[in-house]
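Worksheet: the structure to be examined is printed underneath.
The values are calculated or read from the model by the stated rules, or taken from the named source; none is laboratory data. This is a predicted model, so every value here is computed, not measured. Backbone-built Cβ (ideal geometry, glycine too); neighbour counts: all protein chains shown. With ligands, DNA and RNA removed, areas are computed over all heavy atoms of the protein, side chains included. Shrake-Rupley method; radii C 1.70, N 1.55, O 1.52, S 1.80 Å.
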Amino acid sequence: MSKNTFLVTDGSTPADDAAADRADSRFYKEFPAAPDPITTSDPMSETWTARWRQLYAEETRPKDVEHDSFHLETGAQDDRTSTVVLPPEPEPLPEIRLYVPSTNNYGHQATCINVLYRLVALGYRRITLIYADDKEHPVWPKLATLISGLPEQKCKSHKLGGSKIRFYEYMEFFNADIHPKRHKGRFCWAPIGITGAFDGVRKHLKEDRVDLFMFVDTFVVLQPFHWTELNAEMLITCRRRYDLLQKHQAPENLEVFALEPDLEEVHPHFSDYAYYIDDPTYPENDLARLTDRAPRRGACLRELFALAAETAIEICPVYYSFYRIFSSTPELLFNLVTAILHSRTKRPSKVPAVIAMLGSVPTKADPYPQLRRRLDGEDWPEEVQEALKPLKAALERVVIVDPGSYEDGGLRAAVAEAGEGGIVIVPLGMMDPEFAGIHRTVFDYTFSLASLPLIFEGKGTVSLALNLGRPYLRILSADLRMAKKTLWDAEAWHNELYPHVLPAACAGDGAEQVPETASSCHNSSVPLVADWAYWKSCAGSTPLPMESLSEFIVEASTEGTWTCWYFALLRSVYHDERRDRVTVALDRARVFREWFVEQRKDEEHDGGWMYES
């Protein structure tokens, strides 16, 4: 074997993967010694933009339709030939590689696993998942939490639906000494790699780090919905493979293209697509796994789901990373509790509300004793005492369930103690160091049961909220504070919190109302993180935080209001597989690769070219 031949495999057997071999065999090649390096590069950005304009024109041009032929999917009779036209046998999809990065929290990993589930739904049967080997923030425990049935101990493969998932740690993948018989003398190169969230990808490019591309022809970089980093979604490819075979450094002729250029005639833009997520179902298997690991919390979640099924409670799910929000947890929860109580003066409810806290809380930063003191009125400023006085008795009755004292029937007892119209706060996220997260299916199902607005901060959760169509309040991020902004500067951030541009055909007659309603929802979100200084500034002049939040809660649950219409519209737009971010991106990547090959087929130095003729 040539010294420049590098072997990678997904570990499948020849018998299992004969069909897949045929699908991706043209992407395998043994490379000779590298010729002289290319010293010039043609980024082709202008021609790629021109190609997008051409594609868009083709997509929007009316197409002629023949009515007297076929139904391929059903095998109906062709009227002109009197023969039965059978559906063609679908070509098996080639291997695809998914990269999962490491971060402090769960957001990026959860987004990448959404991509994984979409790949399985799209019919990819061979998926190689490569995850970061971060010792400080291990990725595997998060994968085990997010992927149904994946064991907590590392394994090499896992069946998900009809797909086989192969797992490699980042460096393990590149250093593996694998000698599969079926790839003798050939370099195993996959056509597509993808990631659903990736911080600092441009930093990796500047540092000449191309090993992250996982030996793929085209690496698709996606981000969570409405990601703030500009131009962070892209297609990356390499003109000549031998540069990567020699060493894990970027060749000078690496090509980077925007996933979609900023073309005014193309709408919606790619950043306006969200990840499609299936409607959650009761998570029996993952709930059993969580119960085995944390019996008391598992029992509490079962009670929560049972009470919701009995319509004995209203659920308000809350999720955020502890250090990632603009305010403190006591401030956030005090504002939320007062808003729910105040809303019941206009929207009476006899059943208690359960605030389900799904995020983890560091043991040393336990916020609930401070919250209890605030609920009891120990630190109320003089300027707001009169306004809060009517709620004082109800605030003192708020039940905070002790995370260490869950017992069977404990949540029911807390609900009974809260009484008619009361509030129970349930910390379901675990205290570190035992915390390994709420399983993805359990998390999604809890959100789907919400009868009060969803409360969350991370952009990874936005796609779930949009698919559910539930009203939500976004918690302003700590990034606002880090940028030395105040709540009075938050108006400029509204585009990140609520979709304000939708396809006109989806919005119908109310299209002009979308931006205004999105801004209104944003303005309702700001008081969620109000501190006492903000409360005092509002006293006697503008609505207090609890009053602004209360108005949102009432409008979001009242049919016929623009707020209620807006969130129903969001579901109709985003809970549609045709607008799924993964599906659209892969389709564009396929078009891109075909175009890229056409542009480079006359390359003068083709010794290291990536495709066979």
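A few remarks follow.
- Residues in region 532-577 that are touching an Asp or Glu at 6+ places or on another chain (Cβ under 7 Å) and open to solvent by less than 20 Å² (accessible area, probe 1.4 Å): T563 only.
- Within region 462-484, if we keep just the residues that are touching a residue at least 12 places away in the same chain (Cβ under 8 Å), aliphatic (A, V, I, L, M) and assigned to a helix (DSSP H, G or I), the residue that is farthest from T517 (Cα to Cα) turns out to be A478.
- Scanning region 278-321 for residues that are open to solvent by 40 Å² or more (accessible area, probe 1.4 Å) and within 28 Å of R372 (Cβ to Cβ) returns P295, R296, R302, Y319.
- The residues of region 448-461 that are buried (at least 23 other Cβ atoms within 10 Å of the Cβ) and part of a helix (DSSP H, G or I), listed by number, are G460, T461.
- Note on region 171-218: residues that are open to solvent by less than 20 Å² (accessible area, probe 1.4 Å), at pLDDT 55 or above and part of a helix (DSSP H, G or I) total 4.
- For region 294-332, residues that are over 29 Å from W535 (Cβ atoms) and assigned to a loop (DSSP other than H, G, I, E, B) total 4.
- Applying the set (1) closer than 30 Å to L119 by Cα; (2) at pLDDT below 95 to K346 leaves exactly one unmet item: (1).
- Hey, N495 surrounded by 15 or more Cβ atoms within 10 Å (Cβ to Cβ), at pLDDT 85 or above and in a helix (DSSP H, G or I) or not: no
- Scanning region 345-369 for residues that are surrounded by fewer than 17 Cβ atoms within 10 Å (Cβ to Cβ) and over 27 Å from the mean Cα position of the chain (by Cα) yields T345, K346, R347, P348, S349, K350, T363, K364, A365, D366, P369.
- The set of residues in region 111-157 that are among the hydrophobic types (A, V, I, L, M, F, W, C) and over 27 Å from L93 (Cα atoms) contains only V139.
- Answer from D587, D580 - the residue that is modelled with pLDDT of 90 or more and either open to solvent by 60 Å² or more (accessible area, probe 1.4 Å) or among the acidic types (D, E) (or both): D580
- Sub-7 Å Cβ pairs linking a first residue in region 138-160 that is farther than 21 Å from E284 by Cα to a second residue that is modelled with pLDDT of 90 or more and assigned to a helix (DSSP H, G or I), at least 6 apart or interchain, are V139/Q109; K154/W140, ordered by first then second residue.
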